Structure formats: structure tokens, C-alpha cells
Amino acid sequence: MGTRGQVNILVGTAGLPADIDGPDDATGLVLFAHGSGSSRHSPRNVAVARVLQQRGLATVLVDLLTPDEDALDAVTAELRFDIGLLADRLAGIVDWLGTEPSLGRLPVGLFGASTGAAAALVAAAARPDRVAAVVSRGGRPDLAGSALSAVRAPTLMLVGGLDEQVITLNEQAAGQLAAPHELRIVPGATHLFEEPGTLEQVADAAGDWFCTHLPVPA
């Protein structure tokens with residue numbers, strides 16, 4: 001895989017730092033959309049990415065806000081809930097990946113956490129020919145709004161069994177999804193899946209989902 005390591009992805013006028021990794025013979029590519037107040041260095045997403053790499057997938061961990069925007073958001077918290085902005089950035093990254101010689105042939109999956117899950121679903125609806133699967137971890141798919149009915153990619157929603165409010169929000173969102181979907185509860189897990197063994201269950205489930213639903217590249 002020719003494009004790897006840290007790169008700067010230009011989306012509009014925003015330069016977004018990203019870490020690309022995975023095997024040279026990757027069969028698919030998973031783009032991560034982190035949750036509110038997090039970054040591409042999120043230990044939970046990094047841990048999931050490592051498991052996906054072991055399953056033969058390339059991964060892209062990216063900051064959806066520029067450093068200046070991130071500094072503003074740290075004070076105001078206004079951008080982390082701007083789902084339209086985050087989804088536009090994700091769609092732009094998907095477009096950029098399609099132009100990269102070593103990555104463009106790979107089918108794309110989106111892994112979204114918390115508010116990043118809503119952005120992933122909106123981006124999936126905007127790029128139905130490029131996004132082949134979506135996984136949400138402790139996500140807020142309800143924030144995707146009317147885009148839910150336009151999603152075509154098979155979607156897996158993983159929610160902690162102790163995260164009761166988010167379970168309800170995911171159940172409501174699932175009712176609006178026309179795409180094939182599954183809501184899976186991880187017993188004993190809270191919102192951040194910090195309990196022993198719970199994040200491993202998320203990574204295994206995500207790996208199974210992406211390996212099943214990302215078509216083998218031609």
C-alpha cells in the first residue's frame with residue numbers, strides 16, 4: 001500500500017491530518033470518524049484500527065477539525081455537534097481516497113463513534129457508490145436526521161448494555177434506516193466501552209461486519 005503514515009488531506013480549504021496504515025494487500029479501507037471532543041489519537045479507535053489491520057483492512061484515522069477549529073471547539077464545544085460540517089469533511093476525505101492510486105480501488109467502510117457515527121451515516125448517504133458499510137460504536141445515529149432513510153450501506157450499531165439512553169436513540173434511528181442494519185447490545189458496557197473485554201467485542205464485531213460487507217476489490 002503506497003500511501004501510508006501521516007498525511008495531510010485537503011478538503012476545501014481545510015488541511016486535515018490523518019494516519020493511514022494497514023497491510024500492503026488490504027482488501028478494504030475503513031475511515032474513522034471520532035466522537036465529540038476526541039481526535040485521531042483516540043486510544044479506543046486506535047485499538048479497533050489495529051484489529052481491523054490484522055483482519056486485512058487498511059485504516060484511516062483522521063482529525064475532522066483543523067488545529068485552529070479544534071482549539072475553538074475546546075472552548076465553545078460548538079463544532080463537535082456540527083454534523084453537517086463533519087459529514088462534509090468525511091465525504092471530502094472519501095473523495096480524496098478515491099483519487100489515491102494505492103487506495104482508490106479499495107471499497108470503503110466508515111466507523112463512527114458518538115457524534116462521529118451521525119456524520120458517518122450522513123456521509124454514507126451522500127456517497128452511496130463509495131461507502132459500502134458503516135459501523136457505529138456508542139453512536140448518536142439519531143443526529144443524522146433525514147439522511148437515515150437515504151443510507152444504502154449495511155449498518156451495524158453497537159451500544160453498551162448500560163448506556164440506556166443511547167440504546168433508545170439507536171432503536172429510534174434503526175426504525176428510520178432503509179438499509180440492512182443490526183443493533184447489537186454489548187452486555188455490561190457503558191458509553192465508552194471501558195469495561196474489560198468490551199472494546200475487544202466491538203473490534204471483533206466491526207471486523208466481522210466490514211469483512212462481510214466490503215466487496216473484494218476487482
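The values are calculated or read from the model by the stated rules, or taken from the named source; none is laboratory data. All values derive from a computational prediction rather than experimental measurement. Glycine gets a Cβ as well: all are built from the backbone with ideal geometry, and neighbour counts include every protein chain shown. Side chains included, ligands, DNA and RNA excluded: accessible areas come from the protein's heavy atoms. Shrake-Rupley method; radii C 1.70, N 1.55, O 1.52, S 1.80 Å.
Regarding residue 30, is this residue open to solvent by 10 Å² or more (accessible area, probe 1.4 Å) and under 15 Å from residue 137 (Cβ atoms)?
Criteria not met by residue 30.
Of the residues in region 179-218, how many are closer than 24 Å to residue 149 by Cα and either at pLDDT below 95 or open to solvent by less than 50 Å² (accessible area, probe 1.4 Å) (or both)?
Final tally of qualifying residues: 7.
Please enumerate the residues belonging to region 76-102 that are touching a strand residue (DSSP E or B) at 6+ places or on another chain (Cβ under 7 Å) and over 15 Å from residue 122 (Cβ atoms).
Once the filter is applied, which keeps residues that are touching a strand residue (DSSP E or B) at 6+ places or on another chain (Cβ under 7 Å) and over 15 Å from residue 122 (Cβ atoms), region 76-102 yields 96, 97.
Would you kindly identify the strands (runs of 3 or more DSSP E) lying entirely within region 120-218 that contain at least 3 residues that are closer than 22 Å to residue 94 by Cβ?
131-137, 155-160
Scan region 140-151 and tell me whether some residue there is of a type in the set (Asp, Glu), more than 17 Å from the chain's Cα centre (by Cα) and open to solvent by 10 Å² or more (accessible area, probe 1.4 Å).
No, because not a single residue in region 140-151 is of a type in the set (Asp, Glu), more than 17 Å from the chain's Cα centre (by Cα) and open to solvent by 10 Å² or more (accessible area, probe 1.4 Å).
For region 87-106, name all the residues that are buried (at least 19 other Cβ atoms within 10 Å of the Cβ) and part of a loop (DSSP other than H, G, I, E, B).
Residues satisfying the conditions are 103, 106.
So which residues in region 53-81 are open to solvent by less than 50 Å² (accessible area, probe 1.4 Å), at negative phi and not in a helix (DSSP H, G or I)?
Within region 53-81, 57, 58, 59, 60, 61, 62, 63, 64, 65, 66, 79 meet the criteria.
Residues to consider are 14, 49; find the one that is among the small types (Gly, Ala, Ser) and in contact with a helix residue (DSSP H, G or I) (Cβ under 8 Å, 6 or more places away or on another chain).
Going through 14, 49 in turn, the sole match is 14.
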